[in-house]
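Student: Let me give you the structure first, and then I'll get to my questions.
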Amino acid sequence: MVQNFRLDQIGLINREKKLSFKFNGKKYFGYEGDTLASALIANGVHLVGRSFKYHRPRGFFGAGVDEPYAIVQLYRNGETEPNVRATEQELFDGLEAKSVNCWPSVNFDIGAINNFLNIFLPAGFYYKTFMWPRSFWYWIYEPFIRKAAGFGVASKEHDRERYEHKYEFCDLLIAGSGPSGLASAYAAAKNGARVILAEDKPRFGGSLLTSDVSINNQSGKEWADNIITELKGMTNVTVKNRAQIFGYYDHNMLVMSERVSDHLPKSEEFTPKQRLWYIRAKQVVISSGSIERPIVFGNNDTPGVVLASAAKEYMKVYGVLVGKKPIVFTNNDSAYETAIEFKKNNINPIVLDSRQDSNSEIIKEAKSLGINIKFSHVVVAAKGYKKVKSCDISEISEDKQNLNQIKNIECDCICVSGFWTPTIHLASQSGGKTKFKEEIDAFVPDKSKQKEVTLGSANGIFTLEETLKTSFDKGFELSKEITNKNNSQQIPKVSEKKHSKHDRFWCVPLPKGKNYKRFLDFQNDVAVSDIELAIREGYRSIEHVKRYTTLGMATDQGKTSNLNGLQLVSNIENKVVPAVGHTTFRPPYTPISIGAIVGREIGKHSKPTRKSPMHNWHEKNNAVFVDAGVWLRPRYYKRGNEGLFEASKREAENVRKNVGVCDVTTLGKIDVKGPDAAEFLNRVYTNAWLKLPVGKARYGVMLREDGIVMDDGTTTRISENHYHMTTTTAQAANVLSHLEYYLQLVWPELDVNVVSTTEQWAGAAIAGPKSRDLLQKLFPDTDVSNEGLPFMGFVEANFFGVNARIFRISFSGELAYEVNVESDNGNFMWEKIIEIGKDFDLQPYGTEALSTLRIEMGHVAGSELDGRTIPYDTGLDGLVSKKKDFIGKRSLLKKAYNEKDRQRLVGVVPLDKKTSIPEGSHLVKDPKGKLPNPKLGHISASCWSVEHNNPFSLAILKDGKNMIGSKLYAMSPLKNKTIEVEIVSSHYVDPKGERVRS
Amino acid sequence: MLYIKCPHCGLRSQNEFAYGGDASVKRPELNKEISDQEWDEFVYLRKSPRGKHLELWHHVSGCRQWIKVLRDTSTHEIFNTYKSEEKVG
Ligand SMILES: [Zn+2]
């Protein structure tokens, strides 16, 4: 297909490289350096989508980040992405894109019926229409809104692309590479500052790429190219294109999204699609430029109505004409550059200027080129449905209230300019205030809140000369404060055309008897009439008007609509714009993909993975792993066709019958050292610690100050002033912080140090009736008899030449020991135990068997110590000292903690002795009781008791102490189960605890 | 993301720290008889001021010291930071 709207001589595209692409299934060609938008316009395609609410035809309005309409669904390398702005998406070979928000096709859109029914879709129509009846929400309203609204479809596939995060520091971060960005970057870099310069577009230079100026006798673009080349060669400078600084956060932290591979057919191997930069800057220069604002007139959303600056950019950067019969409609001088550019390319524009007259340099030039200029003229309405075909124009009175006779003239595009709005999003996000600058009818940053400065047109300065001067000065000044150097640069000589004053005019009145839609917000279909209605209905605050009408919402965030919306509200309310104020600018400035936010922290990388030194052995021996916090622990060791149930049952049975070994490396371990260590433990634990002899371990419970059990574990006195504390795997980090808190802040007078030793020791729990016989073989030089190493005893021993610690402690209720060696020897220890254990029918067991053993013993663990239970609830009240004070003790006096029918740990057995009770089931009296059925307790943990060969559960039950022997129902609505159960003692095995002492 | 000057380590990013709440709370002495109300105030009741707030932060991914930070809760401005034993003022 011929690119009918492509110019021959002009543009920065590479005509040597032709690219093919598809839009809505149809094949087109463009060039390297095109955007999807410029390539489509070159091919005469202006209809790209349908609007949000009324499904009106949508074309292109801008040429970059300000584009409100041209949002497409992109297909790239087998993936799809919604919400892509065609004006930002660079063309690559094989690109495919589709229109969004239209069904069945962009040319014939059923939703467009909304446009003809729009009387039913006024401001706030979601709130009004979809309120009642409530039940309609689920079945009718929500599916309707979901289908009809929104841009594009998120992929349901896993995103195969790679995204990265990067952290960076710099002296000056400069957002935007237009004249102010380049000048300040250059001045600062030359003065020794570490500079990061970020440009959102693929090309550097901003307005210099398209403006008719000269700097030091070079064109704006040549000057920009030279500066960039020099900056790139400097080691203290990082220059990034395709990089949008979208958020300004606290303490000068800014986040930048770099589109590393979005412009390529696919990402190269090991290269991310996008990279998020977290940048901490000493100073920030906001040189984000300005966005042209529209003038509001009838049907101003018709495809073919574009910003004048965009029309110029399409010509000068891409060599593309937005139309061949252009109208340029302006209230200021800048649009004349567009008119002149048309003329230079042999196209005859008609300029409608709302001002009565102007005789500035640029207008003289336009006149001398023979351009047809009509002063005091406006576009009343665009005509044409899918593309502008003509427009109604009229003379307008000096007070801009009255139109004269209306004439229709033929045209194929309307290039509109309502002057310029500084892009103050970043300055506002930093927390700084804004002020209204009368001369430009727009807000500019006021006092900076953080360490930032706004320069150039973002600060409302629209002459190049002043911009360069202030930017060179500021770059030098800011860098000097940081580097203490004094290398200033000569400010270049500038030649530019002087502009005359713009006209404070932004909305064309409706002609008598006409009711054209005049849009303010093109992305959200908010028209003048919607704002008027909202105000009539009593909305006053601009923030409320925004939410009620959706003005300035969604991905666009009001880039082209904000100020006109404010003008309208201020007119109706008869207030000045600054009194109306503006809505808050929130990050991100442009949409950021979820993938970029997540970065590399996906799947198994979403948290660190910790492995014990014996991990490889477990893996080789068919361990099935389970996540225990960040640790990977063997859940069971699979033999043959065994599932979880069979394997864990076998392992647990073998512990009760013979002997098992379990990797307990993951238990938290903390060294507590110092002369006051005993006193400290005495305050931390609920039970007494002052008299624990060296070589003995003790079980302890610690509380939070509110009396809730925090953690439990055994602590062993290794020597006079040295204790070895163990915590649960899950609470290890919290317990350490807790201890540090008390030592550093509450009792700094105690001479105690704590340090985590979790990773220093590998641990193996050896449990079962044969464990002592095995231990004797493992430690032939050590007396491990009941007398030599009694229950809760500790001894240091030699384990085949390496140092080991033996603790006689038990979690399973069997005769048991825990052997620790230094981590590096962990695998050696494990393999020796396995090897020598063969003679004793030893089997390794995983966490599932471990749970079974502790549950049927009635030992509490994390599922009972769940942050809601006190010692009494969990049967630990025997460990609470009456004599001494400790953390949380005072809370135990609370009335609620001493109610007679307080909840208590119990055992639960199903009456049929067959049905396992789902964890989390509620215990109720009456299974058919009226909802909400009073809950008496809940099942905290369930297992298959290997001792009794039937299901057994632990529960926390109201008045549990007196409920033993009673019958209740366990109900699990999730599993749809109701099970009749008997309440029994929580000690289902060896209630007297004889085995551990045997 | 805040930039917090640990008095032991220097400027560090917020994600190295854990928040520890109001630093002016004093735990009642051990073994001292106190009323329910006093105890409840210590355990549960915290002011939530808009403006200057002296608070605890724990440098968990750093030196593991609890430090005090004088911060404005509405602007996030940090006026000063102190070691746990240091006098504030
Ligand atoms: Zn520190």
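Quick note: the coordinates plus some simple rules give every number you see, no bench work behind them. Remember, it's a predicted structure, so these values are computed and weren't measured experimentally. Cβ placement follows ideal geometry from the backbone for every residue including glycine, while neighbour counts extend to all protein chains displayed.
Student: Per residue of region A:853-869, what does 6.51 cos²θ - 1.76 cosθ + 1.60 with θ = phi - 60° give for ³J(HN,Hα)? Whole Hz please, x for Gly and Pro, Karplus curve as stated.
Tutor: In residue order, the calculated couplings are 5, 6, 5, 6, 7, x, 7, 6, 8, x, 6, 9, 8, 9, x, 10, 10 Hz.
Student: Also, I was wondering about something else. So if each residue of separation counts as 0.36 nm, and I subtract the Cα-Cα distance between A:Tyr699 and A:Lys611, what length gain in nm does that give?
Tutor: Roughly 29.0 nm would be gained on extension.
Student: Taking the simple approach of a point 7 Å from Cα along Cα-to-Cβ for both A:Phe169 and A:Lys691, what is their distance in nm?
Tutor: 5.6
Student: Set the bar at 26 Å for Cα to Cα. Now go through A:Lys17/A:Lys316; A:Lys273/B:Lys5; A:Lys913/A:Lys975; A:Lys669/B:Lys32; A:Lys389/A:Lys512 and name every pair that lies beyond it.
Tutor: Going by Cα-Cα distance, A:Lys273/B:Lys5; A:Lys669/B:Lys32 fall outside the 26 Å limit.
Student: Gap in Å between the Cα centre of region A:266-329 and the Cα centre of region A:912-965?
Tutor: 65
Student: Please check chain A for the longest run free of GluC sites (Glu not before Pro) that are loop-located per DSSP (anything but H, G, I, E, B) and have at most 15 other Cβ atoms within 10 Å.
Tutor: A:1-156
Student: Go through region B:20-89 and name the GluC sites (Glu not before Pro) that are in a DSSP coil and have 11 or fewer other Cβ atoms within 10 Å of their Cβ.
Tutor: Qualifying residues, ordered by number: B:Glu29, B:Glu33, B:Glu85.
Student: I need A:Lys22, A:Lys669, A:Lys282, A:Lys604 ordered by Cβ neighbour count within 10 Å, fewest first.
Tutor: A:Lys604, A:Lys22, A:Lys282, A:Lys669
Student: Using the Karplus equation 6.51 cos²θ - 1.76 cosθ + 1.60 (θ = phi - 60°), what ³J(HN,Hα) coupling, rounded to whole Hz, does each residue of region A:508-518 give in order, writing x for Gly and Pro?
Tutor: Rounded to whole hertz, the list is 7, x, 6, x, 4, x, 10, 10, 4, 6, 10.
Student: Provide the percentage of antiparallel DSSP beta bridges, counting only those with both residues in chain A; round to the nearest 5.
Tutor: 75
Student: Quick check for you: which residues of region A:743-787 have the amide N under 16 Å from the point 7 Å beyond the Cα of A:Glu994 toward its beta carbon?
Tutor: Under 16 Å, as judged by backbone N against the label point of A:Glu994, lie A:769 of region A:743-787.
Student: Next up: Label-point separation (nm) for A:Lys498 and B:Phe79, each offset 7 Å from Cα along Cα-to-Cβ?
Tutor: Label at A:Lys498, label at B:Phe79, 5.2 nm between them.
Student: So the label point goes 7 Å from the Cα of A:Glu831 along Cα→C-beta, right? Which residues of region A:789-816 then have their backbone N under 16 Å from it?
Tutor: A:800-802
Student: Over region B:3-83, calculate the relative contact order: mean separation of alpha carbon pairs under 8 Å at least 6 apart, over the residue count, as a percent.
Tutor: Once normalised by length, the contact order is 32 percent.
Student: Using the number of other C-beta atoms within 10 angstrom as an exposure proxy, rank A:Lys777, A:Lys53 with the fewest first.
Tutor: A:Lys777, A:Lys53
Student: Something else now. Could you work out the equivalent-ellipsoid semi-axes for region A:697-808, taking the square root of 5 times each eigenvalue of the Cα gyration tensor, largest first, in whole Å?
Tutor: 31, 15, 13
Student: In addition: For region A:831-868, run through the trypsin sites (Lys or Arg not before Pro) and keep only the ones in DSSP coil with at most 16 other Cβ atoms within 10 Å of their Cβ.
Tutor: Those satisfying the criteria are A:Arg868.
Student: Now for a different question. Can you list residues from other chains, or at least 5 along the same chain, whose modelled amide H is less than 5 Å from the amide H of A:Val296?
Tutor: A:Cys507, A:Val508
Student: While we're looking at this one, here's another question. Modelling each spin label as a point 7 Å along the Cα-to-Cβ direction, I'd like the A:Lys389/A:Val802 distance in nm, to one decimal.
Tutor: For A:Lys389 paired with A:Val802, the spin-label model returns 8.7 nm.
Student: For region A:544-557, in order, what is each residue's ³J(HN,Hα) by Karplus, 6.51 cos²θ - 1.76 cosθ + 1.60 with θ = phi - 60°, in whole Hz (x at glycine and Pro)?
Tutor: 6, 4, 4, 6, 6, 9, 6, 5, x, 9, 6, 5, 7, 6
Student: Between region A:763-789 and region A:650-690, how many Å separate their Cα centres?
Tutor: For region A:763-789 versus region A:650-690, the Cα centre distance is 17 Å.
Student: Right, here's the next one. Take the alpha carbon gyration tensor of region A:294-418, find the square roots of its eigenvalues, order them as a ≥ b ≥ c, and report rounded if a/c is under 1.5; if not, report prolate when a/b exceeds b/c, else oblate.
Tutor: Taking the square roots of the gyration eigenvalues as a ≥ b ≥ c, region A:294-418 is oblate.
Student: What dipole magnitude, in Debye to the nearest 20, does region A:668-845 give about its Cα centre under +1 on Lys/Arg Cβ and -1 on Asp/Glu Cβ?
Tutor: 340
Student: Follow-up. Using helices alone, I'd like the mean residue ellipticity at 222 nm for chain A: each DSSP H run of four-plus residues gives -39500 (n - 2.57), total over residue count, nearest 500.
Tutor: About -6000 deg cm²/dmol.
Student: Using 0.36 nm per residue of separation minus the Cα-Cα distance, give me the extension gain between A:Gln490 and A:Asn962 in nm, one decimal.
Tutor: Using 0.36 nm per residue and subtracting the Cα-Cα distance, I get 160.8 nm.
Student: Determine the gain in length on full extension of the stretch A:Ser219-A:Glu361; use 0.36 nm per residue of separation and subtract their C-alpha separation, reporting nm with one decimal.
Tutor: Extra length available between A:Ser219 and A:Glu361 comes to 49.3 nm.
Student: Per residue, what volume in Å³ does the convex hull of the Cα atoms of region A:898-997 enclose?
Tutor: 108
Student: Which links in A:Lys53/A:Lys517; B:Lys52/B:Lys87; A:Lys324/A:Lys514 stretch past 22 Å when you go from one Cα to the other?
Tutor: Cα-Cα > 22 Å for A:Lys324/A:Lys514; rest within.
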